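All remarks here apply to the structure that follows.
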Amino acid sequence: MKIIMLGPPGAGKGTQAKRIAGFYGIPHISTGDIFRANLKGGTPLGMEAKKYMDQGLLVPDDVTVAMLLKRLEEPDCAKGFVLDGFPRTIPQAESLKEALAASGKHIDFAINVDVPDEVIIDRMGGRRACVSCGSTYHIAYSPPKTEGRCDVCGEALIQRDDDKPETVGKRLDVYHEQTHPLIEYYEKDDVLDNVDGTRPMDEVFDHIIELLS
Ligand code: AP5
């Protein structure tokens, strides 16, 4: 099963993508996580991505597409994947479509997690992330068992630099301009489903599984 998660920053794409991946035994591929891992490792890709991420801007399409398509060639993607944060522009969607078509494949589902901007701003302020294993928490809605520590690997949790209020506004502007048009794009391909992302996490997940089944 090949699934795309759409939605604004902070909609809960990552939260749901991890659960879907676990449910179906397929990889969860987050371009944001790959960039952050490269940044942590001090690679040239990480340094390049940081210039854009810190400003709430998108990393250029050529860099992102090359990185993602390389990841999709790995053997664990053979039976499907959940893409989280990719595609984010029409050219990225076109590149993905072409690459899949070259091997007779296509996207099966594009799940749009719908959340209004005012809820997003509240969620970003409370999000805490583990840079080591990628787990995500919220200080009110999904707190870790021990404050400030990751439940999975025990590392210290951080607030992402791009979750600071001044950058969140820019990310939302970029989303509305460049990523929102993908909803219509996948609607035309007849693979789009919408879910109400303001509902509690378990309800959102149950709705998604119902749509995928
Ligand atoms: P990325 O890491 O992809 O960030 P994003 O899309 O902005 O998404 P987020 O990770 O911020 O949010 P999410 O929707 O996954 O929400 P989450 O589940 O964490 O990208 C970061 C940057 O990398 C980009 O700005 C860009 O620079 C670059 N980049 C990445 N991909 C790119 C691409 N394809 N092209 C170009 N550049 C790219 O949830 C948010 C919070 O809410 C959490 O605290 C969570 O616990 C909580 N929460 C989740 N669901 C619920 C719920 N139902 N109720 C209450 N709280 C909830």
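The values are calculated or read from the model by the stated rules, or taken from the named source; none is laboratory data. These figures come from a predicted structure and were not determined experimentally. All Cβ positions, glycine included, derive from the backbone under ideal geometry; neighbour counts span all protein chains shown.
Which pairs do you get when a residue that is free of Cβ contacts under 8 Å to residues at least 60 places away in the same chain and closer than 10 Å to T179 by Cβ, found in region 82-93, comes within reach of a residue that is within 9 Å of the ligand (Cβ to nearest atom) and assigned to a loop (DSSP other than H, G, I, E, B), reach meaning Cβ atoms under 7 angstrom, with the pair 6+ apart or on two chains?
Q92/F86
Looking at region 39-62, which of its residues are surrounded by fewer than 15 Cβ atoms within 10 Å (Cβ to Cβ) and assigned to a helix (DSSP H, G or I)?
The answer is K40, P44, M47, K51, D62.
Just to verify a result, which residue in region 98-122, among those that are more than 16 Å from G80 (Cβ to Cβ) and of a type outside the set (A, V, I, L, M), is surrounded by the most Cβ atoms within 10 Å (Cβ to Cβ)?
Ranking the qualifying residues of region 98-122, first place goes to N112.
May I ask you to list the residues in region 181-213 that are surrounded by 14 or more Cβ atoms within 10 Å (Cβ to Cβ), of a type outside the set (V, I, T) and touching a residue at least 60 places away in the same chain (Cβ under 8 Å)?
L182, Y185, Y186, L192, D193, N194, G197, M201, F205, L212
For V131, state whether it is out of contact with any strand residue (DSSP E or B) (no Cβ under 9 Å at 6 or more places or on another chain) and not assigned by TED's automatic domain parsing to the domain that holds G12. Outline the logic, then answer.
Working: out of contact with any strand residue (DSSP E or B) (no Cβ under 9 Å at 6 or more places or on another chain): no; not assigned by TED's automatic domain parsing to the domain that holds G12: yes.
Here the answer is no, as V131 does not meet what is asked.
Residue under question is L192, and the condition is that it be in contact with an Asp or Glu (Cβ under 7 Å, 6 or more places away or on another chain), in the same structural domain as L68 (by TED's automatic domain parsing) and not polar (S, T, N, Q); does it hold?
Values: in contact with an Asp or Glu (Cβ under 7 Å, 6 or more places away or on another chain): no; in the same structural domain as L68 (by TED's automatic domain parsing): yes; not polar (S, T, N, Q): yes.
The answer is no for L192.
Among the listed residues R127, R171, identify the single one that is of a type outside the set (V, I, T), touching a residue at least 40 places away in the same chain (Cβ under 8 Å) and touching a His at 6+ places or on another chain (Cβ under 7 Å).
Numbers: R171 fails: touching a His at 6+ places or on another chain (Cβ under 7 Å).
Going through R127, R171 in turn, the sole match is R127.
Tell me which residues, restricted to region 142-162, are modelled with pLDDT of 90 or more and of a type outside the set (A, V, I, L, M, F, W, C).
Residues of region 142-162 that are modelled with pLDDT of 90 or more, as a first pass: 142-159.
Across region 142-162, the qualifying residues are S142, P143, P144, K145, T146, E147, G148, R149, D151, G154, E155, Q159.
Filtering region 1-29 down to residues that are under 17 Å from D161 (Cβ atoms) and not in a helix (DSSP H, G or I), which residue is nearest to the ligand (Cβ to nearest atom)? Working first, answer last.
Of the residues in region 1-29, the ones under 17 Å from D161 (Cβ atoms) are 9-10, 14.
Keeping just the survivors that are not in a helix (DSSP H, G or I) gives 9-10.
Values: P9: 3, G10: 4 Å.
If we take residues in region 1-29 being under 17 Å from D161 (Cβ atoms) and not in a helix (DSSP H, G or I), then P9 is nearest to the ligand (Cβ to nearest atom).
Is there a residue in region 140-154 that is within 23 Å of M67 (Cα to Cα) and either of a type outside the set (F, W, Y) or in the same structural domain as M53 (by TED's automatic domain parsing) (or both)?
Of the residues in region 140-154, the ones within 23 Å of M67 (Cα to Cα) are none.
There is no residue in region 140-154 that is within 23 Å of M67 (Cα to Cα) and either of a type outside the set (F, W, Y) or in the same structural domain as M53 (by TED's automatic domain parsing) (or both).
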